[in-house]
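Structure, as structure tokens:
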Amino acid sequence: QVQLVESGGGLVQAGGSLRLSCAASGSSFSGYAMGWFRQAPGKEREFVATISWTAGSTRYTNSVKGRFTISRDNAKNTVYLQMNSLKPEDTAVYYCAARTLPVLTAGPETYDSWGPGTQVTVSS
């Protein structure tokens, strides 16, 4: 099973940008689809974005389309989430997740490995 560690979270003003990274280790990264999720206080974990192993396919939740970009560097076993035009409602703990099957999915129950999360706080 792959181990995941997120980094890059922090405090940013509304309209600002952050780039999250997710480093994978402990197992082959090969063939894994990867996803980003987030969880705000008192809310359920929600899907943000996912990317296929070849990076040829991506999928986003509607609220981040045009603002967030998911990408990956398989040589570095790393997935990224570039977040631009951040809004206070983007405030949450952001989690990276790995899925051993290649089909892109949005349900958190379909992912096999999770990182501990990184806090993103957007001030108004």
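Worth pointing out:
- Of residues in segment 24-66 being of a type in the set (Lys, Arg) and open to solvent by 70 Å² or more (accessible area, probe 1.4 Å), the one farthest from Tyr111 (Cα to Cα): Lys65
- Criterion violated by Ala75 - all others in (1) at pLDDT below 95; (2) small (Gly, Ala, Ser); (3) part of a loop (DSSP other than H, G, I, E, B) satisfied: (3)
- Exactly one residue out of Thr69, Thr110 is touching a residue at least 12 places away in the same chain (Cβ under 8 Å) and open to solvent by 20 Å² or more (accessible area, probe 1.4 Å): that is Thr69.
- When segment 1-21 is filtered for residues that are open to solvent by less than 50 Å² (accessible area, probe 1.4 Å) and modelled with pLDDT of 95 or more, the ones remaining, listed by number, are Leu4, Glu6, Gly8, Gly9, Gly10, Val12, Gly16, Leu18, Leu20, Ser21.
- Residue match in segment 92-106 (condition: in a strand (DSSP E or B), among the aromatic types (Phe, Trp, Tyr) and either at pLDDT below 95 or within 19 Å of Ser17 (Cα to Cα) (or both)): yes
- Boolean, Val120 is part of a loop (DSSP other than H, G, I, E, B) and touching a residue at least 24 places away in the same chain (Cβ under 8 Å): no
- Check on Asn77, on the phi > 0 side of the Ramachandran plot and surrounded by fewer than 22 Cβ atoms within 10 Å (Cβ to Cβ): yes
The values are calculated or read from the model by the stated rules, or taken from the named source; none is laboratory data. Fair warning: this is a prediction, and the values are worked out from it, not measured in the lab. Note that each Cβ is placed from the backbone with ideal geometry, even for glycine, and that neighbours are counted across all protein chains shown. Only protein heavy atoms, including side chains, enter the accessible area calculation; ligands, DNA and RNA are left aside. Shrake-Rupley method; radii C 1.70, N 1.55, O 1.52, S 1.80 Å.
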